[in-house]
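Working notes, beginning with the structure itself.
Laboratory data are not the source of any read-out in this text; all were calculated from the coordinates shown. Just so we're clear, the structure is a prediction, and the values are computed from it rather than from any experiment. Every residue, glycine among them, receives a Cβ derived from its backbone with ideal geometry; neighbour counts consider all protein chains shown.
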Amino acid sequence: MTLRILVVGAGISGLAAARGLRIAGFRPDVVEELPATMVPGAGIYLPGNAARALRLLGLDAPLRPLGDLIFRQVFQDAQGQELFEMDVAALWAGVGESRALSRADLQQVLLTSVGGAVRYDTAVRDLDLIDGAVKVEFGDGSVAEYDLVVGADGRKSMIRGKVGLGGAAAPTGQIVYRSVVSGGPPLSDWTALLGQRSQFVAMPMGGRRLYCYADETVEAGVENPADPRARLRELFGDFGGCVPAILAAVEKVQVARTDEVVMDSYAKGSVLLVGDAAHATAPTLAQGAAMALEDAVVLGEVLKQSGGDVRSALSAFEDRRRQRCDLVRERTHERDRTRDVPPSERDPMLRGRGQRIFSDHYRALVEPF
């Protein structure tokens, strides 16, 4: 079947969507507003359900030599004393391996999987929903018509606004700090230290490097720090465990605000939003990439099963994805509320029940999607 499909965005979500469509027999156009020279920094943690989705996209083999496998998650208090641990290998047994790796490496695997056919430096200026199709105007003034447009342009999605699928992403109240560290302490586990409305997470990501992710909950109106590295040291300078050695080795720190996207529908007419454009959450459960990869698998399946009937395919996509993505948002809120309980109450609770509470956040995601 021949459908004219446009994927807007060539990040993880867009490239995965293009891969899912190619496996289903379609050949989408992929456009990206940024230049090809923009390489994503930092690292990424992929839980077992992300690995399952990558396997269904036929990408498990090129991923296998990359990064480090994560078998345990260790939770500690701010002094580095253990609160509890999670056996993530057992949690995701039969689903997929959990892995930390360079975000650029994952991006390259996905880019190769779509043949590298991305039109960079290509913005979408406007969209016009017409009967059974979408007319797209690009930044250079050219116009093309598509049977389906897939908006994979992130939590600040322009496509979402243009077609009236929802407003701006809502701030979660968190500021996040990300860094890749060489020469830090040897770590074999995903390790989190929980502080006062803050946490510091580090994990091995291959090549004797650590991926570090930290966040703090702030009041509305607080600006991002002008010097993220200095703020990271200020926030976590009195932490114990592996943190002092990591802070001593940190060179560059990326800082960002987190927000979430909640919509009544992922689709309007022949336009569908996927990934963070449709259902972004705070990255607390590391499910952003996993949900985008699952979206990609489902999109290819429903479009193929529909025989090319776009409207019925998008309805089927909504039916299969809505409950699962809503669940991730709800579990993210639960985890964040628990994290922000004062340590004097939280830490004794987590020592007794943390393993069960935090494992339960993922139970439903072990099931097929």
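State which residue is nearest to the chain's Cα centre (by Cα) when the search covers only the range 268-279 and only residues that are small (G, A, S) and under 14 Å from M158 (Cα atoms). Working first, answer last.
In the first step, residues of the range 268-279 are kept if they are small (G, A, S); the result is 269-270, 275, 277-278.
So of that shortlist, the ones also under 14 Å from M158 (Cα atoms) come out as 275, 277-278.
Numbers: G275: 8, A277: 11, A278: 12 Å.
Looking at residues that are small (G, A, S) and under 14 Å from M158 (Cα atoms), I get G275.
For G206, the conditions (1) touching a residue at least 60 places away in the same chain (Cβ under 8 Å); (2) exposed (fewer than 15 other Cβ atoms within 10 Å of the Cβ); (3) under 22 Å from A104 (Cα atoms) are fulfilled apart from (2).
Within the range 143-158, being among the small types (G, A, S) and either in a loop (DSSP other than H, G, I, E, B) or surrounded by fewer than 23 Cβ atoms within 10 Å (Cβ to Cβ) (or both) holds for A144, A152, G154, S157. The residues listed here are G161, G132, G184; of these, the one that is touching a residue at least 40 places away in the same chain (Cβ under 8 Å), more than 18 Å from A282 (Cβ to Cβ) and surrounded by fewer than 17 Cβ atoms within 10 Å (Cβ to Cβ) is G132. All conditions in (1) within 22 Å of T338 (Cα to Cα); (2) touching a helix residue (DSSP H, G or I) at 6+ places or on another chain (Cβ under 6 Å) hold for F239, with the sole exception of (2).
Whenever a residue of the range 352-369 is free of Cβ contacts under 8 Å to residues at least 24 places away in the same chain, its partners that are surrounded by fewer than 20 Cβ atoms within 10 Å (Cβ to Cβ), lying with C-beta atoms within less than 8 angstrom and at least six residues away or across chains, give the pairs I357/T338.
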